[in-house]
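The values are calculated or read from the model by the stated rules, or taken from the named source; none is laboratory data. Everything numeric in this text was worked out from a predicted model, so none of it was measured. Glycine also receives a Cβ, built like all others from the backbone with ideal geometry; neighbour counts cover every protein chain displayed. Note: accessible area is taken over every heavy atom of the protein model, side chains too, but ligands, DNA and RNA are not part of it. Shrake-Rupley method; radii C 1.70, N 1.55, O 1.52, S 1.80 Å.
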Amino acid sequence: METVVLNDRKARLIGIPLLSLMIPLISHSDVFLAGDVNGIFHWLSTCFLNTFLLWEGNRYIFIKSRQFFPQYNQTTQRLVYQTIASISYTLLTTIIVDYFFCNQLLGWEERTPFLIGFRISLIPTLVVTLIYESVFFFQAWQQNVKKTESLARENVQSQLEALKNQLDPHFLFNSMNTLAALIDDENAPAQKYLDQLSDVYRYVLVSREKSTVTLEEEMAFLDAYIYLNKTRFRENLMVEAQVDEAAYQKQVAPLSLQMLLENAIKHNIISKENPLTIKILQENNYLSVANNLQEKKTFEKSTKVGLQNIINRYRLLTDQQVEIHKSEWNFTVRIPLLP
C-alpha cells in the first residue's frame, strides 16, 4: 500500500485555531457582542474541540482514501468513499461533542438543535476537504508535468542510443533506393535484406515521437530486426515468440523489445556450438524476453544504458516495475503490457 506523506503542519497549526475562532464569531456573534463570558468560553472551546477532531479525522480519512485508491482512474471511487466516510465521521463527532462535552462536561443546559450543529460542523469538514483535495490535485498536476518532461527526455535518449550513428534520413533512404536499383533483380535475398533494413530504420524514425506503441507494431518491427540478425547469424540465432492475439492491442514503450534483443545478441556468444535462443513470452500482463546465458568473456564493457532507459521509461508510464532475473543459465527481463 502506498505511503502518503502530508507536509501540512503549518496549515494545521494555523487553520485549526483560525476556524475555531471564525465559526463562533460568525454563527454566535450576539454572544460576543453581549460580552457573555460563559457563552464565549463555551462556544470557543466547543468549536476548537469540534474543529480539531474534524480536521484530524478528515485528514486521516483523506490519507486512507489515497492509499486505498491511489490511481488517477480511481478518482471517482476515492471521492465517493471519502465523502461517505467524512459525512459519517462528522455526524458522529457532532453527537459526541454536543452530548458528552457540552452537556455532560460543561453542563450546558441550552441544547443546540441537532441539525444546526451538524450543518455548522460541515463547515470545517468542507474546508479541510477542499484544502487537501486542492493540494493533492495541484501536486498530481505537477508530477504529471514532470513525468511528461522526463518521458520526453528518456525518449530522446533512447533514440540517440539507437541512432547515435544516424545519417540524415532523406540521404539514407535515397542511398537505399539507389542501392536497391544496383542490386540484380535475381538477387532476391539482397533485395529482401535491404527492404527489411528500410523497415527497421523507418520504424525507428516514426516511433521516436511516441511514448507508447501497440505490441502489434513493435512485433512487426521486431520481425524485420530479427530477419537482419538471422541473416548474419543463420541458425545460430533462434527467436521464439508466444503471444496471445488479444495482447497485440496492448501498449509497450517503443524499441523496448529491440533493445532487449540487441543486449542479448551483443553480450552472449553466438556460434554453431553455442546457439543463442531468445524467447518472447506473454505472462498475464507482462511480456518476458529470456535468453540462455553464455556471456562473452571479452567484450566491450556494458554501460547498461539501454536497459536503464527501459526501466526509466516504464517508471514514468506505469507503477508496474520492469523485472530483471538472472540465474546461472538464463537472463530474463519482464516488461509490463500497458492498457
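In sequence order, what are the phi-derived ³J(HN,Hα) couplings for the range 259-266 according to the Karplus relation 6.51 cos²θ - 1.76 cosθ + 1.60 with θ = phi - 60°, rounded to whole Hz, with x for glycine and proline?
5, 5, 5, 4, 4, 4, 5, 5
Once phi is turned into ³J(HN,Hα) by the Karplus curve 6.51 cos²θ - 1.76 cosθ + 1.60 with θ = phi - 60°, what whole-Hz value does each residue of the range 123-129 show in order, with x for glycine and proline?
So the Karplus estimates, Gly and Pro as x, are 5, x, 4, 5, 4, 4, 4 Hz.
Computed FRET efficiency, Cβ-Cβ of Asn73 and Ile95, R0 35 Å: what is it to the nearest 0.05?
Efficiency computed from Cβ-Cβ geometry: 0.45.
Tell me which lysines have Cα within less than 22 Å of Lys250's Cα, excluding those fewer than 8 residues away on the same chain?
Lys147, Lys210, Lys279
With the cut-off at 18 Å, report for the range 1-93 the share of all Cα pairs above it, as a whole percent.
Of all Cα-Cα pairs in the range 1-93, 57 percent lie more than 18 Å apart.
Label Arg234 and Lys266 with points 7 Å out from Cα along Cα→Cβ: what is the distance between them in nm?
2.6
Each residue of the range 244-258 in order: what ³J(HN,Hα) in whole Hz does its phi give by Karplus 6.51 cos²θ - 1.76 cosθ + 1.60, θ = phi - 60°, with x for Gly and Pro?
Whole-Hz 3J(HN,Hα) from phi for the range 244-258: 5, 4, 5, 6, 5, 8, 6, 9, 9, 6, x, 6, 5, 5, 4.
Leaving ligands, DNA and RNA out of it, rank Phe69, Phe138 by accessible area with a 1.4 Å probe, largest first. Please list the in-between numbers first.
On the way: Phe69 45, Phe138 115 Å².
From most exposed to least exposed: Phe138, Phe69.
With the crude spin-label approximation of a point 7 Å out along Cα→Cβ, what separation in nm comes out for Glu245 versus Ile87?
Reported label-point gap for Glu245 and Ile87 is 4.8 nm.
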